[in-house]
1. With unit charges on the beta carbons (Lys and Arg positive, Asp and Glu negative) and the dipole taken about the Cα centre of the chain, which residue among Leu53, Tyr29, Asn12 sits farthest to the positive side?
2. What accessible area per residue comes out for segment 24-86, rounded to a whole number of Å², with a 1.4 Å probe?
3. When ranked by the protection proxy of mean other Cβ atoms within 10 Å per residue, highest first, what sequence do the peptides 25-33, 67-75 form?
4. Under a plain spin-label model, where a point goes 7 Å from the Cα along Cα-to-Cβ, how far apart in nm are Asp62 and Arg46?
5. When all protein chains stay in place, what accessible area (Å², nearest 10, 1.4 Å probe) is found for Thr34?
6. For segment 16-56, what does the alpha-carbon gyration tensor say about shape, rounded, prolate or oblate, given a ≥ b ≥ c as the root eigenvalues, a/c under 1.5 as rounded, and a/b over b/c as prolate?
7. Using a 7 Å offset from Cα along Cα-Cβ at Asp69, what residues in segment 11-40 end up with backbone N under 14 Å from the label point?
8. How many percent of the accessible area of the chain is carbon or sulfur, using a 1.4 Å probe?
Amino acid sequence: MEKFSYTVKDENGIHARPAGLIVNEAKKYDSNITVICKDKSADCKRLFSVMSLGAMRGDILDIMIEGRDEKDAAKGILDTMNKAGL
């Protein structure tokens, strides 16, 4: 299992554009990818699930990845979050 934490930097939190980028990246991998914010968790491959977290600036996201391509998935998701300015 791969896991990492990420602090939301975007002043608007997770909104449609960065959520869509993250979901599109997650769908490239076979691994199960879960993002947790406060007391909610979401399937990183489902747009409405990710957006329902309601993550705002300063919130900490815990991303857990499990599967045969988990290392590549972790790198891809982290790179996408950084590029999206999230």
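The values are calculated or read from the model by the stated rules, or taken from the named source; none is laboratory data. These numbers come from a predicted model, not from an experiment. Heads up, the Cβs are rebuilt from the backbone with ideal geometry, glycines too, and the neighbour counts pull from every protein chain shown. Just so you know, the surface numbers come from the protein's heavy atoms only, side chains and all, with ligands and any DNA or RNA stripped out. Shrake-Rupley method; radii C 1.70, N 1.55, O 1.52, S 1.80 Å.
1. Going by the Cα projections, it comes out as Asn12.
2. Heavy-atom accessible area per residue stands at 59 Å².
3. 25-33, 67-75
4. A separation of 2.0 nm, rounded to one decimal place.
5. 50
6. Taking the square roots of the gyration eigenvalues as a ≥ b ≥ c, segment 16-56 is oblate.
7. Backbone N within reach: 24-33.
8. C and S atoms contribute 49 percent here.
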